Every structure is written in structure tokens, then in C-alpha cells.
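Chemist: My questions all concern the structure below.
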Amino acid sequence: MIEILETGPFNTVQDLGRPGYRDIGVSASGAMDPFAVRIGNILVGNDEVAAGIEVQTFPFSLRFDRRTVFAVTGADGDPMLDALKLLPWCAYTAEAGQVLELKHPPTLARAYVSVGGGLDVPSVMGSRSTSLRGSFGGNAGRPLVKGDRLALGNSADFAPVPANGLAVIEPAVALRDVFPDFVDGTLPVRALPGGEHALFPDDGDAFWSQTWKISSRSDRTGYRLSGEPIKPTTSIEMRSHGIVPGVIQVPPGGEPIVQMSDANTAGGYPKIAGVIECDLWRLGQARIGSRIRFVRSTHAEARAIEQAVARYVEDVRTTSEMIKRALKAMA
Amino acid sequence: MSAIDFSDPTTIALLTDALTAAGVSGLEISWPGGQLRIVVATGEEARINVSSTAQPVSAAQPVVVKAPMAGHFCSGNSSRSVADRLPRSVSAADTLGFLRVGPILLPLCAGRAGILTRQLAEPDTLVGFGDPLFEIEPQS
């Protein structure tokens, strides 16, 4: 068991989501930074789809009531175990009674706590993610509150985490050639032209060339962007159609909406573009008030990024297992 | 985790038992700090000889943080690019650096409080199991 000692609003149990039910109106949900969840799970010896906690409001703290392997990934900043400063992106073993505390991250938005064995909440439609819009999944379909107690699954890990921890070169550093850094404080986000891109003048230039700000009306469902409104050359009436995370819609006001993890399953606004899936985690780590710029990508580039991510994840998995085995043999 | 301490009586007893069980008559191990020689005698007690080429252990004896396995040595905290000056005081839980193996980083902890006096390996070089990486003068 772990017990939540302190939490802000909207911190939830999440895994990699619940795809496959959009046709009956069920949002996929899942972590806003699924990359962090996958790596966190590998570090603690879980299957990458195990459920953890998404922390997006701070400070947050929990107590372990038994010896537990855990890792904090995603956001920057140092987690604390009792009074001891830990490394992010590093698996450790906590003793019964120890308290893990996460303070507000310096620059990023969301931290993920992975625990050995995963959080043992019921799986609903193949996922342990909380659907806040549907009030199901995760911890009784609601955000975590102080005093919540969450059961842990049984860890199937074969070898212990080394005494001093097991860390990883975080994705943003290890894959810096694949994920370009901020340019003048603006996050580049790659996207492909969407279904109604042709409705916008000058090949969508007003959309692609300006810097957008993530407005305060942004959450896990979608990011509303602030900037110079963009208008289609002709206004059209469209029937609602299926949409997915990453879709960028332009409502009549002209300020785009990017659908995120709790994306609506249908919508009727013109779609100017779609964020490539591999860049969604970076958007998930972008804070309200931060600036982004869309960079026109290609299917080939998106595929190449996916392959680089897959290679990195596989490398982390095989190398971490090899190291744990080697250290166990020498112990 | 540190390298195997061959002067530790528990380790010697374990090795002696293993040799006896395997029917091996003896072994000799040399390392930078000394030498261990175990001769398993039949019908009588085993003869064990540990000699140290280093200074006798005293309170002021520097403690060496060794590589727990082979890997690339990274000094400081890679995520913060700290260029820490030496000597400086460290606490037992401080991470002094990492061993990098592919995308994985193994934190290297001080293990005891004291003054970090020397870094014994060059950054980003390949080090082997048991290679000395840092020297700490323990403080009580």
C-alpha cells in the first residue's frame, strides 16, 4: 500500500491509456507524458503498461507502508525521500514508512511515480487510467485526495535495484538529436497538415509562422492556444467526426485547440493540423503560459522519430536488466 | 556497492570453503592494495596469508570509491553539469558521479561522510570492475 499524504487537485492514476473505444465515445485517457511512464516502469522492473501516478499539481507526497521499488520520471527537479534528495529518472528502494515528496518542478509540468508491481486498481476496458470525464477507472474514477490508500501489485522483477539506485539518461538528453531543444524559450512541436488545412490562406502560414501561448484554459482534454486568430478563407459547416489526441482544431474564434490525452472522441471544427504522436509527450510537459511553435513535419520524419524512440526504450530495457543481473551475480 | 574486499575474514572463509568443497588446493589473488594466498592443507587447518602493500588502516586512511562494474565514468551530476571543485566535503548519501552503460547510469555514492580529495579516473573513460574512482578522507 501507499498512502497519499498531500496532493493538489487533478492528480490521477494513469497508465498508457484505453485506446479502441472511441467509437462508443470513450476517451483514451492515459498519461500526458507516456514516454516517462514507459521508462519509469522499465526502471522499477514492471511491464511498461503498469499504472502509476500522474502528478500535475504540487507539492505531492505519499508514504510507503512496505519496502517498495519506485522511480520518479517526467518532470525536472529532485524528489525527496524523507530528508534525502534523490535523482529524477532513477529507481530506488524505499523502506516501510518512508515518505516521498515532490516539489514544484522548475520548468516542466508533470511528474510520474512508478512503483514496483504497479498500482493495483481495477482494470476497466483494458486500462487502469482514470477517466475524469467519465468518472471511471483509476482510483474510483476521481483525482487522488489526501488519505487515499492505493494497493500495489506483485512485482515480478527478478533482480533487485542496485543499492545506490538505477538511473537513465533521460529522453530529452539521450535523444537530443531527435527532439530539438527550445528555441528562444519556444518549444518546437512537429505537426502534419490536417484534413481542412487547405481552407486556410497562404498554405496555413499564419498558423505555422506564429508563436502560440498555452492559455490557462488548458487541461488534460485539450490545450487552448492564445495568439493572433487564424481564419479559414470560407466558413464551412461540418458534421462532427472522430478526432484523436494531437488533432489541432480551429474554432470560430480562430485560436486553435490541441486535443490531448482526455481528447474528445468527436468534433466538428476544421482541423488545420495534427501533432505527430511522438511529440505529444513534449506538449504534455509544456506548462500553461509557455510558448510553442508548430513545425511542419512529414510522415517519414514522424516514422523515423518513432523508430528512434523504440530503439531507446529497448536499449533502456535490455541494458537495465543486464546491469541488474550482473550486479546481483557479483553481490 | 563496492568491490570485493579480499582482506575481509568472511570473504576469506567463503573462498576457503569453496576451495575445500571443490577440492582445489589453494589460490593466490593480487590487487593494487595487497595480496591474498590461501593454501588448503589436507588433514590440518588451512593456511591463510593476507599481506597488505598499502599503509595500515587508520582513522585517517583515505577511502576509495570503486567502480561496481565496467562502464564509462561520468563525474559530477550529468543532468546539472556541475563542475565541482576539489577538495570538498561530502555526505554519505551524496552522488559523486555515475557509471554509464549505454543509456543507463549507475549512481556512485560517497558511502561515507568526509572530504572528497581526489578524482582518480578521467571523465568519460572506460573503467573496469573495482577500478578506483574517488578518494575520500573520512571524517568522524
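The values are calculated or read from the model by the stated rules, or taken from the named source; none is laboratory data. Please read these numbers as outputs of a predicted model, since none were measured by experiment. Every residue, glycine among them, receives a Cβ derived from its backbone with ideal geometry; neighbour counts consider all protein chains shown.
Chemist: Checking B:S79 against (1) within 9 Å of chain A (Cβ to nearest Cβ); (2) at pLDDT 90 or above, which single condition isn't satisfied?
Modeler: Result: B:S79 passes all but (2).
Chemist: Could you check region A:89-170 for strands (runs of 3 or more DSSP E) lying wholly inside it with 2 or more residues that are under 24 Å from A:S320 (Cα atoms)?
Modeler: On the way: elements: A:90-94, A:99-102, A:111-115, A:166-168.
Per the criteria, A:90-94, A:111-115, A:166-168.
Chemist: So, A:V115, is that one buried (at least 24 other Cβ atoms within 10 Å of the Cβ), aliphatic (A, V, I, L, M) and in the same structural domain as A:G165 (by TED's automatic domain parsing) or not? Break it down stepwise before answering.
Modeler: Details: buried (at least 24 other Cβ atoms within 10 Å of the Cβ): yes; aliphatic (A, V, I, L, M): yes; in the same structural domain as A:G165 (by TED's automatic domain parsing): yes.
For A:V115, the condition - buried (at least 24 other Cβ atoms within 10 Å of the Cβ), aliphatic (A, V, I, L, M) and in the same structural domain as A:G165 (by TED's automatic domain parsing) - is met.
Chemist: So A:D315 passes all but one of these: (1) without any contact (Cβ under 8 Å) to a residue 40 or more places away in the chain; (2) at positive phi. Which condition number does it fail?
Modeler: The failed condition is (2).
Chemist: Still on this model: Somewhere in region A:48-65, is a residue closer than 25 Å to A:E321 by Cα and touching a Pro at 6+ places or on another chain (Cβ under 8 Å)?
Modeler: No, region A:48-65 contains no residue that is closer than 25 Å to A:E321 by Cα and touching a Pro at 6+ places or on another chain (Cβ under 8 Å).
Chemist: Tell me the residue from A:G20, A:G77 that is out of contact with any helix residue (DSSP H, G or I) (no Cβ under 8 Å at 6 or more places or on another chain), farther than 23 Å from A:A156 by Cα and within 14 Å of chain B (Cβ to nearest Cβ), please. Steps first, please.
Modeler: Details: A:G20 fails: within 14 Å of chain B (Cβ to nearest Cβ).
Among A:G20, A:G77, only A:G77 is out of contact with any helix residue (DSSP H, G or I) (no Cβ under 8 Å at 6 or more places or on another chain), farther than 23 Å from A:A156 by Cα and within 14 Å of chain B (Cβ to nearest Cβ).
Chemist: Limited to region A:164-210, what total is found for residues that are over 25 Å from the mean Cα position of the chain (by Cα), in contact (Cβ under 8 Å) with a residue 60 or more places away in the chain and within 14 Å of chain B (Cβ to nearest Cβ)?
Modeler: Qualifying residue count, region A:164-210: 0.
Chemist: Now for a different question. Can you report the number of residues in region B:43-76 which are of a type outside the set (A, V, I, L, M, F, W, C) and either at pLDDT 60 or above or under 17 Å from B:P107 (Cβ atoms) (or both)? Give the derivation first.
Modeler: Start the filter on region B:43-76 by keeping residues that are of a type outside the set (A, V, I, L, M, F, W, C), which leaves B:43-45, B:47, B:49, B:51-53, B:55-56, B:58, B:61-62, B:66, B:68, B:71-72, B:75-76.
Those left that are additionally either at pLDDT 60 or above or under 17 Å from B:P107 (Cβ atoms) (or both): B:47, B:49, B:51-52, B:61-62, B:66, B:68, B:71-72, B:75-76.
Looking only at that region, the number is 12.
Per-residue answers, yes or no, for (1) within 11 Å of the chain's Cα centre (by Cα); (2) at pLDDT 95 or above; (3) surrounded by fewer than 22 Cβ atoms within 10 Å (Cβ to Cβ); (4) closer than 27 Å to A:R311 by Cα:
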| position | (1), (2), (3), (4) |
| --- | --- |
| A:G30 | yes, yes, no, yes |
| A:D33 | yes, yes, no, yes |
| A:A36 | yes, yes, no, yes |
| A:G40 | no, yes, no, yes |
| A:F60 | no, yes, no, no |
| A:R63 | no, yes, yes, no |
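Chemist: Here is a further query. Which numbered condition trips up A:R217, out of (1) touching a Gly at 6+ places or on another chain (Cβ under 9 Å); (2) outside any helix (DSSP H, G or I); (3) among the charged types (D, E, K, R)?
Modeler: Of everything listed in (1) touching a Gly at 6+ places or on another chain (Cβ under 9 Å); (2) outside any helix (DSSP H, G or I); (3) among the charged types (D, E, K, R), A:R217 misses just condition (1).
Chemist: Further, regarding this structure: For A:R220, state whether it is within 29 Å of A:N11 (Cβ to Cβ), charged (D, E, K, R), crowded, with 17+ Cβ neighbours inside 10 Å and more than 14 Å from chain B (Cβ to nearest Cβ). Quick ask: steps written out before the conclusion?
Modeler: Working: within 29 Å of A:N11 (Cβ to Cβ): yes; charged (D, E, K, R): yes; crowded, with 17+ Cβ neighbours inside 10 Å: yes; more than 14 Å from chain B (Cβ to nearest Cβ): yes.
Taking the combined requirement at face value, the residue satisfies it.
Chemist: Identify all residues within region B:95-108 that are crowded, with 20+ Cβ neighbours inside 10 Å and in contact (Cβ under 8 Å) with a residue 12 or more places away in the chain; write none if there are none. Let's see the steps before the verdict.
Modeler: From region B:95-108, those crowded, with 20+ Cβ neighbours inside 10 Å are B:95-99, B:103-108; that's our starting set.
Within region B:95-108, B:T95, B:L96, B:G97, B:F98, B:L99, B:L105, B:L106, B:P107, B:L108 qualify.
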